[in-house]
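Structure record follows, encoded as structure tokens.
Please treat every number below as a calculation from the coordinates, not as lab data. Please read these numbers as outputs of a predicted model, since none were measured by experiment. Counting neighbours? That spans all protein chains shown, and the Cβs are built from the backbone with ideal geometry, glycine included.
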Amino acid sequence: MKVAVIRFPGSNCDDDARYVLAEVLGAKVNMVWHQEHELGQVDAVVLPGGFSYGDYLRSGAMAALSPIMADLKRFAERGGFVLGICNGFQILTEAGLLEGQLARRPQLSFICDTVSLRVENDQTAFSSDYHKGQILRIPVAHNDGSYYADDETLARLERNNQIVFRYVSEDGELTDSANPNGSLSHIAGIINQKGNVLGMMPHPERASEALLGSEDGLALFTSLLKHAQVLA
């Protein structure tokens, strides 16, 4: 079982992702520099959080043009599993692998906090170890995290059950105060229609051990490894 974690200039959660996958869950991890042209023989890929290229132009815009992204797109087209966390989510939208965009928070400030998420779809390769309606406590740390898309795209995401995580209150309600970004439809994470590419703004790797205050993010990685192992 081998997972690639892609490093961009400005990535700062790459080693966090490596630690969870390798040290906590025992997967083999390849750290792949963004200027490489091939991922190698891997079963899944993680695009970690951070500030690739210093968020120059738009968050993720420069990273989406990195050499490694061509092979990542081929990997995804073949059905390979791709997880984008925070800046990784931004990169996936900029690269066209996920719909919509991540914009500056209406508050125009960086947020670093722990939020509540509700699992909307537990039938994906990234969420099968959760149950639908489960409330998770997972950290967020970003500025450009407000998800938006046009009405047609939002309707399609709803219709196809592609919204995997939503921001909610601690008791699972969709309230304005529980939405840290003003994200449309309270969207915290979505999946592509094929079901093999997930992007989310919250950081599951920062909620993977009790020492960190929450283990609610770990099931995302166990779900991914189980499904990737089946296809390996």
Per-residue [θ]222 nm for the chain (sum of -39500 (n - 2.57) over DSSP H runs n ≥ 4, rounded to 500): -5500 deg cm²/dmol
Full-extension gain in nm, residue 135 to residue 65, via 0.36 nm per residue minus C-alpha separation: 21.6 nm
Alpha-carbon gyration tensor eigenvalues x 5, square-rooted, for the range 2-231, Å: 24, 20, 17
Low-density loop cleavage sites - chymotrypsin sites (Phe, Trp or Tyr not before Pro) in the range 18-88, where at most 14 other Cβ are within 10 Å (DSSP): 56
10 Å beta-carbon shell around residue 215, net charge (K/R +1, D/E -1): -1
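What does the net charge come to around residue 18 if you take all other residues with beta carbon closer than 11 Å to its beta carbon, with K and R at +1 and D and E at -1?
Summing Lys/Arg as +1 and Asp/Glu as -1 gives -3.
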Burial ranking of peptide ranges 164-174, 201-211, 118-128 (average Cβ count within 10 Å, highest at the top): 201-211, 118-128, 164-174
Likely footprinting exposure, 98, 157, fewest C-beta neighbours within 10 Å first: 157, 98
Burial ordering of 200, 62, 31, fewest other beta-carbon atoms within 10 Å first: 31, 62, 200
Two-site FRET efficiency, residue 36 against residue 229, from Cβ-Cβ distance with R₀ of 25 Å, rounded to 0.05: 0.55
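If each residue of separation counts as 0.36 nm, what is the full-extension length gain between residue 210 and residue 56 once their alpha-carbon separation is subtracted?
Details: separation 154, 0.36 × 154 = 55.44 nm, distance 3.53 nm.
The span from residue 210 to residue 56 would gain 51.9 nm if fully extended.
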Positive-end extreme of charge dipole, the chain - chosen from 207, 155, 228 (charges on Cβ): 228
Cα centroid of the range 35-92 to Cα centroid of the range 117-139, whole Å: 23
Length released on extending from residue 74 to residue 169, taking residue separation times 0.36 nm less the Cα-Cα span: 30.4 nm
Per-pair calculated FRET efficiency, R0 = 22 Å: residue 160 and residue 111 via Cβ, rounded to 0.05: 0.15
